[in-house]
Amino acid sequence: MKILVKINMIINFKEIKLIPNIISTFRLLLLVPLIIIFEYVTNPFYRNNLLLILIFIAFLSDISDGFIARKFNQISELGKIIDPFADKILVAIFVFYFWKLNYLPTFYILIILLRDLLILIGGILISKKINNIVMSDYIGKLTVFSIGVFFIVILTIGDLNSIFYDILLYFTTIMIFVSFINYSIKSYKLIKK
């Protein structure tokens, strides 16, 4: 089944059957147990260990979907949408709940949500103009990876006053800005082609 999206691109939903897209969709569906854990598991020990397992599963799926897509030539337009969308949704949910638990400062959630909103809006506009989807690259993946490492540190160390927490807080904040600038430059070059 193919449908014409408003941005004048053909998205073939049969591509959902490709293994990398199944893996990315699975990662997106991790948001269900993630929300359940944050909402209903009140014991910090159990909650943190369950969240660590989910982060590990998300990392594995993120690495494997990209590897399989490149290795077996299964890069698809649908995959270019699902993969970064799954990353952004999971990060947003983690950031929101960590902020609610006072693990993260308000500026951090605002920066991540604003960056992702701008990338979403920019991505739609750019895709409409160039009739193609801007793919995530190693800087975007490194940013998500560093945020994931930061989440692991929060869950394992738990000391929000440690130097390690501060270093990762500011390093990931810088990476968020770097990834946005990189995305903007890459998009500008695509438009100018």
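The values are calculated or read from the model by the stated rules, or taken from the named source; none is laboratory data. All figures in this text were calculated on a predicted structure; none of them were measured in a lab. Here the Cβ is made from the backbone with ideal geometry for all residues, glycine too, and neighbour counts use every protein chain on show.
Within segment 142-158, at least one residue is at pLDDT below 90, in a loop (DSSP other than H, G, I, E, B) and surrounded by fewer than 19 Cβ atoms within 10 Å (Cβ to Cβ).
Figure legend. Inter-residue proximity from segment 136-165: first residues farther than 30 Å from Ser76 by Cβ, second residues of a type outside the set (A, V, I, L, M, F, W, C) and part of a helix (DSSP H, G or I), beta-carbon distance below 8 Å, spacing 6+ or different chains. Indicated pairs: Phe150/Thr172; Val153/Tyr165; Ile154/Tyr165; Leu155/Asn48; Thr156/Asn48; Ile157/Tyr165; Gly158/Asn48; Asp159/Tyr165.
Applying the set (1) in a helix (DSSP H, G or I); (2) closer than 18 Å to Lys141 by Cα to Ile75 leaves exactly one unmet item: (1). Going through (1) more than 18 Å from Phe150 (Cα to Cα); (2) out of contact with any helix residue (DSSP H, G or I) (no Cβ under 9 Å at 6 or more places or on another chain); (3) assigned to a helix (DSSP H, G or I) one by one, Ile35 falls short only on (2). Surrounded by 13 or more Cβ atoms within 10 Å (Cβ to Cβ), in a helix (DSSP H, G or I), free of Cβ contacts under 8 Å to residues at least 40 places away in the same chain and in contact with a helix residue (DSSP H, G or I) (Cβ under 7 Å, 6 or more places away or on another chain): does that describe Val178? Yes; evaluated as a whole, the condition is true for this residue. Close Cβ contacts (under 8 Å, 6 or more residues apart or on different chains) running from residues in segment 28-52 that are within 14 Å of Leu101 (Cα to Cα) and free of Cβ contacts under 8 Å to residues at least 24 places away in the same chain to residues that are of a type in the set (Lys, Arg) and assigned to a helix (DSSP H, G or I) comprise Ile37/Arg47; Val41/Arg47. Of the listed requirements (1) part of a loop (DSSP other than H, G, I, E, B); (2) modelled with pLDDT of 80 or more; (3) β-branched (Val, Ile, Thr); (4) closer than 24 Å to Leu120 by Cα, Ile7 misses just one: (2).
Within segment 41-57, the set of residues being among the hydrophobic types (A, V, I, L, M, F, W, C), part of a helix (DSSP H, G or I) and surrounded by 15 or more Cβ atoms within 10 Å (Cβ to Cβ) comprises Leu50, Leu51, Leu54, Ile55.
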